[in-house]
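Dropping the structure in here first, questions after.
What follows draws every value from the coordinates through simple rules; no lab data is involved. Quick caveat: nothing in here was measured; it's all calculated off a predicted structure. Positions of Cβ are backbone-derived with ideal geometry, glycine not excepted, and every protein chain shown enters the neighbour counts.
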Amino acid sequence: MLELYHNNISVCAQKVRIALAEKGIPWVGHHLEFARGDQVTPQYLKINPRGLVPTLVHDGQIIIESTVIDEYIDEVFPEQPLKPSDPVERAHMRLWSKLCDEGLHTACASISFAAAFARQLAHGKTPEELEARLAAMPDPARRDRQRQIILHGFDVPFVREHVKLYDKAIGDMEATLSKSDWLAGSSFSLADISLIPYIERMNRLGLEGMWAKRQRVADWFERMMARPSFSAISDFDPVDYDDRVKEKENHWPKVKSIIES
Ligand SMILES: N[C@@H](CCC(=O)N[C@@H](CS)C(=O)NCC(=O)O)C(=O)O
């Protein structure tokens, strides 16, 4: 049996749900609500000491980290392979995964927090309750980033750097997609799966201006949304944190000014 500890709008959980959907593998979900701290309860920390989702439990074996989980799924369920057969393309695929793990993910968290989640986390909590919730996070760096964004939003220097990092990553996607249909080369792969949630997150935050002049990224995103596996994102409505703010708020002028600075 496959059990997935996840959150409906977590980008890393979306990566795993898309891989499972591409393979048509059934799974049982355990939804964790971030704002109330389900991910930092002593019980969950025993399964994932980082206090993060996703966590996959396969026949009792615990696998953490979305990139590792996606490769695991592809190895254990080899039908409909999601890794290119060509070693060079496989190396390219892993470079895209590394981009997510080594920078884009943190940038995504900063932008999402500044645009939406900081207010949602603080909502209804006394300063003491908010501090207690932050203090429960196992990663002090992540905790400190969230504290600063709650206070200063997009004006925190590292948030501005993260906006620029994101813009560069989308520029790199545009350059790659001018040479091949898919990010790793000639076939849809875990590289595309890794990036879909990060583009959809910006879309939901109303920051699609990031690829307004990047036609190949726009076309690629249309193709990704047309795949049946996109339901692994679109069928899962926000429960606590809500990234669908584009109808209510416009953060694009601020983000655009950071990109152009
Ligand atoms: N490198 C990890 C990152 C996991 C991660 O950051 N998960 C976020 C959701 S996308 C989370 O659990 N956040 C909870 C929190 O910040 O308290 C992975 O790829 O699985």
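Cα centroid distance between segment 212-259 and segment 47-90, in Å?
24
Next up: Mind checking segment 1-96 for GluC sites (Glu not before Pro) that DSSP puts in a loop (not H, G, I, E or B) and that have at most 13 other Cβ atoms within 10 Å?
Details: sites: Glu3, Glu22, Glu33, Glu65, Glu71, Glu75, Glu79, Glu89; in loops: Glu33, Glu65, Glu79.
Taking segment 1-96 and a limit of 13 other Cβ atoms within 10 Å, the loop GluC sites (Glu not before Pro) found are Glu33, Glu79.
Order by neighbour count: Trp211, Trp27, fewest other Cβ atoms within 10 Å first, most last.
Working: Trp211 22, Trp27 17.
Starting with the residue having the fewest Cβ neighbours, the order is Trp27, Trp211.
Quick one: how many lysine pairs in segment 81-234 have C-alpha atoms under 26 angstrom apart, if they're 8 or more apart or on different chains?
Lysine pairs, 8 or more places apart or on different chains, close enough: 12.
Quick one: Arg90, Arg119, fewest Cβ neighbours within 10 Å first, how do they rank?
Details: Arg90 17, Arg119 14.
Fewest-to-most ranking of Arg90, Arg119: Arg119, Arg90.
Identify all aspartates and glutamates with a Cα-Cα distance to Lys248 below 19 Å; exclude those on the same chain that are fewer than 8 residues away in sequence.
List returned: Glu200, Glu208, Asp237, Asp240.
Using the count of nearby Cβ atoms within 10 Å as a rough guide to exposure, how do Met93, Met1, Met224 rank from fewest to most?
Values: Met93 26, Met1 9, Met224 20.
Neighbour counts put them in this order, fewest first: Met1, Met224, Met93.
For Gln43 and Arg244, calculate 0.36 nm times their separation in residues minus their Cα-Cα distance, and state this gained length in nm to one decimal.
On the way: separation 201, 0.36 × 201 = 72.36 nm, distance 3.01 nm.
Net length gain for the segment: 69.3 nm.
222 nm [θ] for the chain, helices only, -39500 (n - 2.57) per DSSP H run of 4+, per residue, to 500? Can you show the working numbers first?
Details: 13 runs with 139 residues, N = 261.
Value at 222 nm, helices only, nearest 500: -16000 deg cm²/dmol.
Another question about this same structure. Go through segment 137-232 and name the trypsin sites (Lys or Arg not before Pro) that are in a DSSP coil and have 10 or fewer other Cβ atoms within 10 Å of their Cβ.
Numbers: sites: Arg142, Arg143, Arg145, Arg147, Arg160, Lys164, Lys168, Lys179, Arg201, Arg204, Lys213, Arg214, Arg216, Arg223; in loops: Lys179, Lys213, Arg214.
Taking segment 137-232 and a limit of 10 other Cβ atoms within 10 Å, the loop trypsin sites (Lys or Arg not before Pro) found are Lys179, Lys213.
From the square roots a ≥ b ≥ c of the eigenvalues of the alpha-carbon gyration tensor of the chain, which class results: rounded (a/c under 1.5), prolate (a/b over b/c), or oblate?
Working: a/c = 1.84, a/b = 1.13, b/c = 1.64.
Note, shape of the chain comes out oblate.
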